[in-house]
Amino acid sequence: MNWYVIGLQQLINGLALGSVYALIALGYTMVYGIIKLINFAHGEIYMLGAYLGFYAITSLNLSLVPAMVLAMVSAAIIGMLLERVAYRPLRSSPRIAVLITAIGASLLFQSTAQLVFGASFKPFPQAIPFTRIQLGPVFTTNRQLLIFGVAVALMIALHIIVQYTTFGKAMRAVSMDKDAAQLMGINIDRVISITFALGSALAAAAGILVGMYYNRIDPYMGTMPGLKAFVAAVLGGIGIVPGAVVGGLLMGVAENMVVAFVSSTLRDAVAFAILIAVLLFRPNGLLGKNRTEKV
Amino acid sequence: MSHPKTKILVLCLLMFVMSTLAVPGLAQEEPIRVGLLTPLTGAVATYGQSVRNAVVMGIDSINASGGINGRQIELIVLDDKGDSTESAQAARRLIDREKVALIMGPVITPAVMAVAPIAQAEGIPMITPTGTGDQITELGDYIFRAAYKDSFQGRIMAQFAYENLGITEASIIYDIANDYSVGLRGAFKATFEELGGKVISEESYSTGDNDFSAQLTSLTMRNPQALFIPDYYSAAGPILMQAKLMGMTSVMLGVDGWDSPDLYALANGFEEDGYIVNHYSQDDESPMTQAFIAEYTARYGAAPDALAALGYDGVLIVARALEAAGSTDPEAIKHALGTVKNIEAATGTIDMDPEGTPIKSAVILQSKGGSWVLVDKIDPSGR
């Protein structure tokens, strides 16, 4: 088998995995862009999304699309509640306090999920049949296309919301200057709340897609993808929406290429080494602007 | 208004006095306390549930028939989630607070590796019904097991693949973060290459990964005749599914870790035709095995997997050893555990060995329509 065929095949796998990272990374980056908080509980929202989808399909007998909508809406509510209960009271506290709260919230979600859903691995219901699609020497599957397609659609929807709606304008204003935005009559509590809702809904969608793709969910499934998506967000430039997409896809493809051409043992190590290398040369991430501090 | 309160107080006092009187009245010795560490939740939960069910069943029947030398066995079950740290903490609790005479468990190799040094240091005999990692019994003379070793299991699978299936080129995918998986990969590879076969490619992942597409793509490109997947069902299931969906046509080879009712759902039917090495087969016609299967099925409504059979055997070994020791002296129990012979158990006749590992047979099973069918039985010498 030629090396470029392997490369092409791994590129396809990498894009599917990367679009999941991108969906999660968007939540990190939006929240950071607005309140400069790294929401470490975000990976757990992704996990909860997978479980909500699981129960929507198995207990409520919904098909994939309604189950996904239901899970996204529920996750959005959980995200808003999280912000309201855990982060809003600390908004004027030092950033480290909120960060520690976020880590606490993450552990709380994990342990609660373990208590409520059980710690066992659950096989995800196979809501759609499997088909393999041959593209010359390489192939893709309908699931990979679904992941990629849904991810792209949701990212386009987010882009439209952020760039072309009044709410998006308010969001961008809050991200630029919270106080000035408030003076202009923007209800910043509401903007922050909705930002959490949007990010959480995207993470829930990623959770369901991943559950279905890998056929397995568990209460700790959010930890590693959460961390990698965070890396992806930083890689692309944290706080910048297209950066999260670029970072996510790059991480997914890089991981697969490492397995193909280096060694599967080094997969995670190389992914993080890329992050360090990029940050050495572009401290604000790939799409970040180099801002000089004014004294 | 103090009247009813006084009444209750008097009643309590009366009950207390009666209970203190009742104990010597029964004239029974206090029970032997045995601890069981088993994962009832977590990534290997079905193992722990099977072991717990079988151990409880075994101990109930011993107690019903009069106990050990007239003493009942009291079982203390703790859930270790299959996690090494939790398992070590639970072991400390069994030793320090529960004052057990003997520990059964833990179930999976990494957890056993964490608990064994504690049991050894405290001088508490311990027997893992199911831990197969080679290093386990090298951790001390108080450490025993009811299962075979991974070097034996890996060798059996390599021999079966090379000699019976005629496979000369195989690939391996294994969990680099798990002693069990790493040990099996080593044993399989060594025997397979010694026989003249060739391991043409190897890929690894880490515990908890769920995306294997990159590794499997690389493996599929080399088109091996067989793929050896030495891991627990929670990883083997998704690997099997992803491999088959990728169009891999290799013969799938597995180990005892695949044996779980959850494998079928996780592999989504793609485990069909795969081979595993296991501790026992439900098709085994020996009366002891069939009696165990019948009793377990009647009690729990599902056929016992190998983990259950090993848990049951663990109880039989413990019972015989406690009987032979004649007391709960750790030194005596340790000696007995290493010397009891000819135990008619669910997985065959067991002879214990002072080294800690019993001398026993293994089976090769093939997956057919959601159950395991006996293909071959291999005696302890490895044929």
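The values are calculated or read from the model by the stated rules, or taken from the named source; none is laboratory data. Keep in mind that this is a model prediction, so the values were computed, not measured. Positions of Cβ are generated from backbone atoms using ideal geometry, with glycine treated the same way; all protein chains shown enter the neighbour counts.
Observations
- Counted residues, region A:38-73 - those being more than 20 Å from A:Gln126 (Cβ to Cβ) and small (Gly, Ala, Ser): 2
- When each of A:Ala229, A:Ala201, A:Ala244, A:Ala260 is tested for being over 16 Å from A:Gly43 (Cβ atoms) and among the hydrophobic types (A, V, I, L, M, F, W, C), the lone residue that passes is A:Ala260.
- Residue identified as among the charged types (D, E, K, R) and over 17 Å from A:Lys36 (Cα atoms) among A:Arg143, A:Arg172: A:Arg143
- Of all residues in region B:219-258, those that are over 22 Å from B:Asp179 (Cβ atoms) and away from every other protein chain (no Cβ under 12 Å) total 8.
- Qualifying residue in region B:150-163 (condition: over 11 Å from A:Ser264 (Cβ atoms) and within 14 Å of chain A (Cβ to nearest Cβ)): no
- You will find that of B:Glu285, B:Glu344, B:Glu323, the residue that is surrounded by fewer than 17 Cβ atoms within 10 Å (Cβ to Cβ) and more than 25 Å from B:Asp376 (Cα to Cα) is B:Glu323 and no other.
- Within this structure, A:Leu64 fails the test of being touching a helix residue (DSSP H, G or I) at 6+ places or on another chain (Cβ under 6 Å) and either farther than 14 Å from A:Leu202 by Cβ or without any contact (Cβ under 8 Å) to a residue 24 or more places away in the chain (or both).
- Residue in region B:291-299 that is touching a residue at least 40 places away in the same chain (Cβ under 8 Å), closer than 30 Å to B:Asn342 by Cβ, crowded, with 23+ Cβ neighbours inside 10 Å and among the hydroxyl-bearing types (Ser, Thr, Tyr) present: yes
- Qualifying residue in region B:322-341 (condition: within 19 Å of the chain's Cα centre (by Cα), in the same structural domain as B:Pro125 (by TED's automatic domain parsing) and touching a residue at least 40 places away in the same chain (Cβ under 8 Å)): yes
- Residue within region A:41-55 that is over 15 Å from the mean Cα position of the chain (by Cα) and within 14 Å of chain B (Cβ to nearest Cβ) present: yes
Conditions (1) of a type in the set (Ser, Thr, Tyr); (2) in the same structural domain as B:Ile103 (by TED's automatic domain parsing), marked per residue:
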{"position": "B:Gln135", "(1), (2)": "no, yes"}
{"position": "B:Gln159", "(1), (2)": "no, no"}
{"position": "B:Asn164", "(1), (2)": "no, no"}
{"position": "B:Thr168", "(1), (2)": "yes, no"}
{"position": "B:Tyr174", "(1), (2)": "yes, no"}
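- Residue within region A:271-292 that is buried (at least 17 other Cβ atoms within 10 Å of the Cβ), on the phi < 0 side of the Ramachandran plot, out of contact with any strand residue (DSSP E or B) (no Cβ under 6 Å at 6 or more places or on another chain) and within 14 Å of chain B (Cβ to nearest Cβ) present: yes
- Reported count of residues in region B:176-204, each being within 12 Å of chain A (Cβ to nearest Cβ) and either closer than 22 Å to A:Tyr4 by Cα or touching a strand residue (DSSP E or B) at 6+ places or on another chain (Cβ under 6 Å) (or both), is 5.
- Under the condition of being modelled with pLDDT of 95 or more and either basic (Lys, Arg) or not assigned by TED's automatic domain parsing to the domain that holds B:Pro106 (or both), the residues counted in region B:72-93 number 2.
- Meets criteria (in the same structural domain as B:Asp273 (by TED's automatic domain parsing) and touching a residue at least 40 places away in the same chain (Cβ under 8 Å)) for B:Ser201: no
- Of residues in region A:230-248 being under 12 Å from the mean Cα position of the chain (by Cα) and under 12 Å from A:Leu26 (Cβ atoms), the one farthest from the other protein chains (Cβ to nearest Cβ): A:Val241
- When region A:64-85 is filtered for residues that are closer than 22 Å to A:Ile188 by Cβ and under 20 Å from the mean Cα position of the chain (by Cα), the ones remaining, listed by number, are A:Ala76, A:Ile77, A:Ile78, A:Gly79, A:Met80, A:Leu81, A:Leu82, A:Glu83.
- Listed conditions (1) in contact (Cβ under 8 Å) with a residue 60 or more places away in the chain; (2) surrounded by 15 or more Cβ atoms within 10 Å (Cβ to Cβ) are all met by B:Glu355, apart from (2).
- For B:Thr109, the criteria (1) over 21 Å from B:Leu337 (Cα atoms); (2) modelled with pLDDT under 95 hold in every case but one, which is (1).
- Here region A:99-128 is the region considered, the condition is being at pLDDT 90 or above and among the β-branched types (Val, Ile, Thr), and the residue that is farthest from the chain's Cα centre (by Cα) is A:Val116.
- Qualifying residue in region A:110-132 (condition: within 14 Å of chain B (Cβ to nearest Cβ) and on the phi > 0 side of the Ramachandran plot): yes
- Search result, residues across region B:151-186 that are in contact (Cβ under 8 Å) with a residue 40 or more places away in the chain and either under 12 Å from B:Thr357 (Cα atoms) or among the polar types (S, T, N, Q) (or both): B:Phe152, B:Gln153, B:Gln159, B:Asn164, B:Thr168, B:Ser171, B:Asn178, B:Ser181
- Candidate set from region B:205-218 (those that are in contact with a strand residue (DSSP E or B) (Cβ under 7 Å, 6 or more places away or on another chain), at the interface with chain A (Cβ under 9 Å from one of its Cβ atoms) and part of a loop (DSSP other than H, G, I, E, B)); member that is surrounded by the fewest Cβ atoms within 10 Å (Cβ to Cβ): B:Ser206
- Restricting attention to region B:49-72, the residues that are of a type in the set (Ser, Thr, Tyr) and surrounded by 21 or more Cβ atoms within 10 Å (Cβ to Cβ) add up to 1.
- Residue within region B:185-195 that is surrounded by fewer than 24 Cβ atoms within 10 Å (Cβ to Cβ) and not in a helix (DSSP H, G or I) present: no
- When we screen B:Gln89, B:Gln72, B:Gln120, B:Gln135 for residues that are more than 19 Å from the chain's Cα centre (by Cα) and closer than 25 Å to B:Gly257 by Cα, the only hit is B:Gln89.
- Filtering region B:276-297 to residues that are in a loop (DSSP other than H, G, I, E, B), within 16 Å of B:Ile350 (Cα to Cα) and polar (S, T, N, Q) leaves B:Ser281, B:Ser286.
- Of the numbered criteria (1) touching a residue at least 12 places away in the same chain (Cβ under 8 Å); (2) under 19 Å from the mean Cα position of the chain (by Cα), the one B:Thr191 fails is (2).
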